[in-house]
Amino acid sequence: MDSVAVIVMNRDRPDLTDAVVEQLKTMGAGLDVEIFVVEAGSKPEGQSKYKTHYFRDRSYRGRYFAFNQGLKFAHQARPTWDHYWFVCNDIIFPDGQDTLRLLWEALQSDPCMAGIGPGEPEADDYEGCHPKPGRVWHKASTIHGLAMLMRGEAYRDVGYCSPKFRYSQGAGTEFAYNVYRKGWFLAYSDVATVYHAPGGSTYGKVVKISRHEYQRRARKFASSYLRRTYGENWDELFSSVLPPDIESNTFPLQKEIWNKTLPWNPKDTHPRIFKAGSRVKQALRRIFTG
């Protein structure tokens, strides 16, 4: 019986985490499954009722840092696992779908498949993730990190997404390059799907920066990190290791997006100053118009 370590991370969103864990508890028919719910510095009132582990994270270093901590906790329970399933808490699976079993079955169909994620039918910002009718899975240059099931052998050969990425953009891209250059490949399922939970983002909810500021920081970090680590033409280097049957190469598109610098809005990073200034203006207005 194959073993699966399911790693779920939470940061002060027990509503989301509890809901997704309740779905996960019904999945994995015929598999040896253990769920690790990792609290990334959540406050006591923000912790999931399914919490299994906690680590301090005052400034919140992002989901990939949390998942890497989760790997350490999983390896304390068992040195090696046949598979690892990295599940974000801001997602919803279709009712009655055993997503874990469907992804596991896909992995068994090709020994070179390192990881597979469920398709995302409603996505409008991630090329290649939409299910393709008439297929069970399809290869992809990169896959989103919402619920990727990874083969244990591939993890021990390649590793996982780097915890250096405080924001999600870029981590999966570097990971994909490492996967393909070692002779593995990534895929999306065409039969298992996932959806984003409404209002599920950590940023703007728990971490008090706007979505615009999050995108600005994420793009800046991804662009500078990949250029500094792999050279100005990193997209060409990454593309060079892709097999010919990849239908859509997302590396050039990602580079184009991340190189577009978003404007800085000081209200996003110093809201208290602007709130104080607004109160002063209102007080002066009352004095001179009262």
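When the residues of region 166-181 are filtered to those that are closer than 18 Å to residue 63 by Cβ and among the charged types (D, E, K, R), which remaining residue is modelled with the lowest pLDDT?
Top of the filtered list is 166.
In region 73-89, what residues are surrounded by fewer than 21 Cβ atoms within 10 Å (Cβ to Cβ), within 22 Å of the chain's Cα centre (by Cα) and assigned to a loop (DSSP other than H, G, I, E, B)?
Within region 73-89, 82 is the sole residue that qualifies.
Can you go through 44, 14 and tell me which one is out of contact with any strand residue (DSSP E or B) (no Cβ under 8 Å at 6 or more places or on another chain) and in contact (Cβ under 8 Å) with a residue 12 or more places away in the chain?
It is 14.
For region 142-155, name all the residues that are farther than 15 Å from residue 169 by Cβ and buried (at least 22 other Cβ atoms within 10 Å of the Cβ).
Matches in region 142-155: 147, 148, 149, 150, 151, 154.
Which of the following residues is within 18 Å of residue 147 (Cβ to Cβ) and either in contact (Cβ under 8 Å) with a residue 24 or more places away in the chain or in contact with a strand residue (DSSP E or B) (Cβ under 7 Å, 6 or more places away or on another chain) (or both): 2, 32, 57?
2 is the lone residue from the list that is within 18 Å of residue 147 (Cβ to Cβ) and either in contact (Cβ under 8 Å) with a residue 24 or more places away in the chain or in contact with a strand residue (DSSP E or B) (Cβ under 7 Å, 6 or more places away or on another chain) (or both).
If we scan region 110-120, do we find a residue that is under 20 Å from the mean Cα position of the chain (by Cα) and either of a type in the set (Ser, Thr, Tyr) or assigned to a loop (DSSP other than H, G, I, E, B) (or both)?
Yes, the conditions are met somewhere in region 110-120.
Since residue 133 meets every condition but one in (1) loosely packed, with under 15 Cβ neighbours inside 10 Å; (2) at pLDDT 95 or above; (3) touching an Asp or Glu at 6+ places or on another chain (Cβ under 9 Å), which condition does it not meet?
Here residue 133 clears every test but (2).
Keeping to region 1-27, report how many residues are surrounded by 21 or more Cβ atoms within 10 Å (Cβ to Cβ) and over 16 Å from residue 53 (Cβ atoms).
Total satisfying the criteria: 5.
Give me a count of the residues in region 33-53 that are within 12 Å of residue 12 (Cα to Cα) and surrounded by fewer than 17 Cβ atoms within 10 Å (Cβ to Cβ).
5
Within region 182-200, take every residue that is in contact with a Leu (Cβ under 8 Å, 6 or more places away or on another chain) and part of a loop (DSSP other than H, G, I, E, B) and give me the one that is modelled with the highest pLDDT.
194
The values are calculated or read from the model by the stated rules, or taken from the named source; none is laboratory data. Bear in mind that the values here come from a model prediction, so they are computed numbers and not experimental data. A quick note on method: Cβ atoms are made from the backbone with ideal geometry, for glycine too, and the neighbour counts reach across all protein chains shown.
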